[in-house]
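Asker: Before anything else, here's the structure in question.
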Amino acid sequence: MIDPFGRSITYLRVSVTDRCDLRCVYCMAEDMTFLPKAEVLSLEELDRICSAFIRLGTKKIRITGGEPLVRRDVMTLFGSLGRRIGAGLDELTVTTNGTQLARYATALREAGVRRVNVSLDTLDGPKFKAITRLGRMEQTLDGIFAAKAAGLAVKINAVAMKGVNEDEFDAMLAWCGEHSFDLCLIETMPMGDITGDRTDQYLPLSIVRSRLRKRWTLSETDYRTGGPARYFTVEETGRRVGFITPMTHNFCESCNRVRLTCTGTLYMCLGQDDQADLRRVMRSGGSDDALEQAIVEAIGRKPKGHDFIIDRRQDRPAVARHMSVTGG
Ligand code: SAM
Ligand code: SF4
């Protein structure tokens, strides 16, 4: 599938649930209301949409959420999608907060998953609790080490927050080096109402990178994972550090992905509201051909890019839906 700007769309991110066992401050409000179950696609429906994407040339699928591993029976979806690896699909990956990884790491590996992204914003227990509101750092760390033991490559995702974890990136880079993990730092994006003020949290990664360079030798690489991060090799550890900079650097030119929510809404851009309702096509008895046609038509409307700005005068996010809806 080629979009109107000549970009080949080969990467689908699928949010399998909007629910989560944590309430990270940048992602959710403390008292989130979740979707009624009837609105959420069944695992079979999700599989059907993913299959249509694979037939249309999708090479990589990332399962995300909410927290994907809290969805009941989610491993059956990993199982059915895993069977498509080598038969159209090149890669199946997952982004998780790690709380359930100790339970599922081996099953994920058996399903064909080889890489996992685990969100960990700090190595300080009380700070972890403050950021996630409900989490216990040991549980996520146990999950991370279970993934490593199961033979999964681990990438740690950390959202950079001013005055919260900005003093920890040296230590996190060293820790990742020690355990053979890559690290990916993310700028906070203005998505969804959260409790509190997001403009206070925003920290440009250009600043973080120049601080890291005081201690570490970061060499440019052209390594890509199909995602939006720009990677450097940390010469002292041999691992990579990536930067996702939606706010300070426009990553849209090479965008190859679209996002499906757990209600079957397809968003062509993380930062725009235009969407296609694939649930309606399916639940009104649409054939596989009709589903494929709806997808192709939606890709034909993929916008050139987002225009996130942090608006300091208006007290509202640039995009109303939460990151847990589109899965980041
Ligand atoms: N629950 C899983 C997790 O936390 O990894 C998967 C879903 S989560 C929405 C995906 C990623 O989005 C996480 O790495 C999270 O830190 C990031 N994220 C959530 N809200 C964000 C925001 N407002 N700005 C930047 N990143 C955000
Ligand atoms: Fe849950 Fe992930 Fe959002 Fe944190 S970032 S609240 S773990 S969905």
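The values are calculated or read from the model by the stated rules, or taken from the named source; none is laboratory data. Owing to the predicted nature of the structure, the values given are computational and were not obtained by experimental measurement. We place every Cβ from the backbone using ideal geometry, glycine too, and count neighbours over all the protein chains shown. Note: areas computed on protein heavy atoms with side chains; ligands, DNA, RNA excluded. Shrake-Rupley method; radii C 1.70, N 1.55, O 1.52, S 1.80 Å.
Asker: Identify, by number, the condition in (1) in a loop (DSSP other than H, G, I, E, B); (2) closer than 30 Å to residue 219 by Cα; (3) away from ligand 2 (no atom under 16 Å from the Cβ) that residue 241 doesn't meet.
Answerer: (1)
Asker: Right, here's the next one. Considering every residue within the stretch 49-58, establish whether at least one is within 14 Å of residue 16 (Cα to Cα) and open to solvent by 40 Å² or more (accessible area, probe 1.4 Å). Show your work before the answer.
Answerer: At the first step, the residues of the stretch 49-58 found to be within 14 Å of residue 16 (Cα to Cα) are 49-50.
Retained after the next criterion (residues that are open to solvent by 40 Å² or more (accessible area, probe 1.4 Å)): none.
No, every residue in the stretch 49-58 fails to be within 14 Å of residue 16 (Cα to Cα) and open to solvent by 40 Å² or more (accessible area, probe 1.4 Å).
Asker: If you don't mind, another one. For the stretch 179-196, name all the residues that are at positive phi and crowded, with 20+ Cβ neighbours inside 10 Å.
Answerer: Result: 192, single match.
Asker: Condition check: in a loop (DSSP other than H, G, I, E, B), modelled with pLDDT of 95 or more and away from ligand 1 (no atom under 13 Å from the Cβ). Does residue 226 satisfy that?
Answerer: Considered against the rule, which asks whether it is in a loop (DSSP other than H, G, I, E, B), modelled with pLDDT of 95 or more and away from ligand 1 (no atom under 13 Å from the Cβ), residue 226 comes out as no.
Asker: Scan the stretch 6-19 residue by residue and report those that are within 9 Å of ligand 2 (Cβ to nearest atom) and surrounded by fewer than 22 Cβ atoms within 10 Å (Cβ to Cβ).
Answerer: Hit for the stretch 6-19 is 19, nothing else.
Each row is one residue, and each column tells you yes or no for (1) of a type outside the set (Phe, Trp, Tyr); (2) over 21 Å from the mean Cα position of the chain (by Cα); (3) over 25 Å from residue 151 (Cβ atoms).
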{"residue": "172", "(1), (2), (3)": "yes, no, no"}
{"residue": "181", "(1), (2), (3)": "no, no, no"}
{"residue": "229", "(1), (2), (3)": "yes, no, no"}
{"residue": "234", "(1), (2), (3)": "yes, yes, no"}
{"residue": "238", "(1), (2), (3)": "yes, yes, no"}
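Asker: For the stretch 20-48: of the residues being touching a residue at least 60 places away in the same chain (Cβ under 8 Å) and in a helix (DSSP H, G or I), which is least open to solvent (accessible area, probe 1.4 Å)?
Answerer: The extreme case among them is 46.
Asker: If you scan the stretch 61-78, which residues turn out to be open to solvent by 20 Å² or more (accessible area, probe 1.4 Å) and away from ligand 1 (no atom under 12 Å from the Cβ)?
Answerer: 72, 73, 75, 76
Asker: Using beta carbons and a limit of 8 Å, which pairs, at least six apart or on different chains, have the first residue in the stretch 214-229 and over 21 Å from residue 159 (Cα atoms) and the second one part of a loop (DSSP other than H, G, I, E, B)?
Answerer: From the stretch 214-229, the pairs are 217/235; 217/236; 219/235.
Asker: Please go through the stretch 66-83 and give me each residue that is in a loop (DSSP other than H, G, I, E, B) and touching a Lys or Arg at 6+ places or on another chain (Cβ under 9 Å), ordered by number. Working first, answer last.
Answerer: Kept after step one, since they are in a loop (DSSP other than H, G, I, E, B), are these residues of the stretch 66-83: 66-67, 71-73, 83.
Within the stretch 66-83, 66, 67, 71 qualify.
Asker: Okay, moving on. Being outside any helix (DSSP H, G or I), within 16 Å of ligand 1 (Cβ to nearest atom) and small (Gly, Ala, Ser): is that true of residue 57 here?
Answerer: So residue 57 fails the test.
Asker: Residues of the stretch 6-60 being touching a Gly at 6+ places or on another chain (Cβ under 9 Å), aromatic (Phe, Trp, Tyr) and within 15 Å of residue 258 (Cα to Cα), which ones?
Answerer: Scanning the stretch 6-60 gives a single hit, 11.
Asker: Every residue in the stretch 287-310 that is part of a loop (DSSP other than H, G, I, E, B) and either open to solvent by 40 Å² or more (accessible area, probe 1.4 Å) or modelled with pLDDT of 95 or more (or both), please.
Answerer: Once the filter is applied, which keeps residues that are part of a loop (DSSP other than H, G, I, E, B) and either open to solvent by 40 Å² or more (accessible area, probe 1.4 Å) or modelled with pLDDT of 95 or more (or both), the stretch 287-310 yields 287, 300, 301, 304, 307, 309, 310.
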